[in-house]
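**Q** Before anything else, here's the structure in question.
Read the figures in this text as sums done on the coordinates, not as results from a lab. Given the structure is predicted, the values throughout are model-derived calculations rather than measurements. Cβ atoms come from the backbone with ideal geometry, glycine included; neighbour counts cover every protein chain shown.
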Amino acid sequence: MTNLAKRIFYKELVSYRKRSSTYLSPIVFFLITIALYPLALSNDPADLSFLAPGITWICVLLSTLLSIQNIFNEDFEDGSLDIFFSLRVSTLSLVIVKILVNWIFSSLPIIILSSTVVFLLFLPSESLVILLTSLLIGTPVISLFGALAGALSLGKSSILGPAIVLPLSLPILILGTSAVSSFLNGENPSFYFLMMLAIFIFLLPLICYACIGALRLHYE
Amino acid sequence: MNKTFNNLKTFYHKLGSSPWFYKISGITIPYVALFSFLFLSIGIVWGVFFSPTDFKQGDVYRIIYMHVPAASVSQAIYYTMTVAAVVSMIWRMKMAGIFIKSMAPIGASFTFLALISGSIWGQPTWGTWWIWDARLTSTLVLFIFYIAIISLYSSFSEKKSADQAVSILTLVGAVNLPIIKKSVDWWNTLHQPASIKFTQSSSISPEMLYPLIISIFGFYLVVLLSGLMAMRAEIAKREINKEWFKNY
């Protein structure tokens with residue numbers, strides 16, 4: 001089981017590295033959307049620093065949407081998913097490893113990049129750690145929802161994925177931005193972190209099995 | 001005790017058979033239609049013409065006889081769809097899939113009705129069509145869930161996998177809806193304290209309450225009626241080439 005998971009992990013790493021568009025396009029998208037807000041709203045540092053946590057969270061959420069089609073689609077199209085489901089091996093490890101690698105390639109670069117909002121959107125620098133922590137805890141949940149949406153909408157229109165992910169991710173968006181704004185108001189944000197962590201732990205097995213069920217649908 | 005259980009079990013098994021359902025629903029639909037018409041007309045007419053005028057809101061409040069039943073029905077439909085999703089996941093009962101498929105558009109319409117009637121009510125009483133209140137936001141999210149379920153269903157060409165996919169999404173949504181509701185509550189208290197109490201005061205006078213209860217009952221009957229008709233139509237659509245349907 002662990003050996004198999006390790007092999008899938010390396011295989012996924014290689015295939016992601018070869019398709020650089022899958023992790024470069026979310027980064028480009030993130031930077032552009034961040035740049036849109038000052039252009040459209042205002043370039044006043046006071047306004048921007050007030051809006052910065054929310055803008056960052058929305059941009060992260062939207063740019064992770066770009067990659068959810070990639071989680072299962074390529075394996076579905078070249079038939080390796082087909083082989084995997086006909087073998088008597090654990091599909092759970094496949095799903096978990098795929099979600100993990102997708103998170104590493106699509107969310108992690110954006111989280112690192114989002115520390116630039118200190119300069120771009122004048123986020124108060126002392127709250128940067130809080131923002132990054134909230135992103136680190138919150139984005140795995142969004143990846144889970146993304147995997148479910150990707151599994152349900154395999155080979156379907158790509159608008160279906162966002163329509164499923166966005167309403168499901170509302171609690172994470174609310175908790176993530178609340179963590180930063182409560183810190184800026186001088187409160188302790190740990191409540192929001194614990195809440196997001198609880199949601200993640202609660203949803204991890206549930207969504208993984210839902211993903212397996214959704215993938216099975218395409219082979220019935 | 002054992003006998004009642006057996007009767008229940010046979011009833012449950014019969015419920016899974018589409019010819020039986022088609023026959024029974026054909027018999028019951030006229031009665032349900034009659035009763036829903038009766039209850040709805042009594043509730044609405046009593047509420048709109050004969051109940052006393054509210055001393056604070058005036059006659060505007062009478063939209064309550066439309067708004068509260070629609071809001072209550074819109075949530076109840078999602079709960080029944082969740083039960084059907086569990087049945088469909090565990091026993092692969094095809095009637096459960098037909099139920100979810102037929103109820104989702106009905107639920108979406110009643111949620112839409114609740115949102116629209118609420119905003120028509122809000123304009124004269126609060127002076128605004130929309131407010132980012134916790135309840136309004138979670139109703140909007142419920143509406144989006146219904147739309148997502150409908151669009152996911154329509155994206156599958158194979159009915160069997162469409163049923164399963166929709167069941168998975170309904171279940172995940174049912175697990176998430178309480179989380180969304182709770183987090184919207186927190187968000188609301190953080191950003192803006194609820195300036196307008198949306199909850200009806202429990203001291204509603206009986207002359208207003210009775211027509212409300214009757215019209216809520218009428219709305220549930222309308223949902224039952226439209227659900228039965230939609231399920232019949234769906235059965236006819238799926239089994240048009242089956243032997244029993246040709247001989248019906």
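**Q** For region B:104-179, what does the relative contact order come out to in percent, with C-alpha contacts under 8 Å and a separation of six or more?
**A** This gives 30 percent for region B:104-179.
**Q** Using alpha-carbon pairs under 8 Å, 6+ residues apart, how would you state the relative contact order of chain A in percent?
**A** About 25 percent, as a whole number.
**Q** Something else: So what's the net charge close to residue B:97: Lys and Arg +1, Asp and Glu -1, counting the other residues with Cβ under 11 Å from its Cβ? Please report the intermediate quantities before stating the final value.
**A** On the way: positive: B:92, B:94, B:101, B:159, B:160, B:238; negative: B:163, B:234.
It works out to a net charge of +4.
**Q** Compute, for region A:2-217, the length of the dipole vector about the Cα centre, with Cβ point charges of +1 (Lys, Arg) and -1 (Asp, Glu) only. Units Debye, rounded to 20.
**A** That gives region A:2-217 a dipole magnitude of about 760 debye.
**Q** What is the local net charge at residue A:199, summed over the other residues whose Cβ is closer than 14 Å to its Cβ (Lys, Arg +1; Asp, Glu -1)?
**A** +2
**Q** I'd like to know how the protein assembly as shown sits against the 2.2 N^0.38 Å rule of thumb: what's its Cα Rg over that expected value?
**A** With N residues counted in the protein assembly as shown, Rg over 2.2 N^0.38 Å equals 1.11.
**Q** Further question on the same structure: Where the only charges are on Cβ atoms (+1 Lys, Arg; -1 Asp, Glu), what is the dipole of the protein assembly as shown about its Cα centre, to the nearest 20 debye?
**A** 1640
**Q** Right, here's the next one. Set the bar at 30 Å for Cα to Cα. Now go through B:181/B:237; B:14/B:246; A:156/B:9 and name every pair that lies beyond it. Write down the numbers at each step before the final one.
**A** Details: B:181/B:237 37 Å; B:14/B:246 20 Å; A:156/B:9 39 Å.
The answer is B:181/B:237; A:156/B:9.
**Q** Further, regarding this structure: Just want the answer: with Cβ charges of +1 for Lys and Arg and -1 for Asp and Glu, which residue in B:31, B:226, B:178 is farthest toward the dipole's positive end in the protein assembly as shown?
**A** Farthest along the dipole direction, towards plus: B:31.
**Q** Find the relative contact order for chain B and round it to a whole percent, using C-alpha pairs within less than 8 Å whose residues are 6+ positions apart.
**A** 35
**Q** Could you derive backbone 3J(HN,Hα) for region B:26-42 from the dihedral phi with the Karplus parameters 6.51, -1.76 and 1.60 (θ = phi - 60°), listing whole Hz in sequence and x where the residue is Gly or Pro?
**A** Along region B:26-42, the couplings run x, 6, 7, 3, x, 5, 4, 4, 4, 5, 5, 4, 4, 5, 5, 5, 4 Hz.
**Q** Starting from the coordinates of the alpha-carbon atoms of region A:2-217, obtain the Kirkwood hydrodynamic radius over all distinct pairs and give the value in Å to one decimal.
**A** 18.0
**Q** Here is a further query. Kindly state, as a whole number, the per residue volume in cubic angstrom of the convex hull around the alpha carbon atoms of chain B.
**A** Details: hull volume 40.0 nm³, N = 248.
Dividing the Cα hull volume of chain B by its residue count gives 161 Å³.
**Q** What order do you get for A:64, A:133, B:53 when you list them from fewest to most C-beta neighbours inside 10 Å?
**A** In increasing order of surrounding Cβ atoms, one gets B:53, A:133, A:64.
**Q** Something else now. Using 7 Å Cα-to-Cβ label points, what is the residue B:48/residue B:13 separation (nm, one decimal)?
**A** The answer from the label model is 4.9 nm.
**Q** Between residue B:3 and residue A:77, what is the label-point separation in nm under the 7 Å Cα-to-beta-carbon projection?
**A** 6.5
**Q** Considering only the other residues whose Cβ falls under 10 Å of the Cβ of residue A:80, what net charge follows from Lys and Arg at +1 and Asp and Glu at -1?
**A** My count for the surroundings of residue A:80 gives -4.
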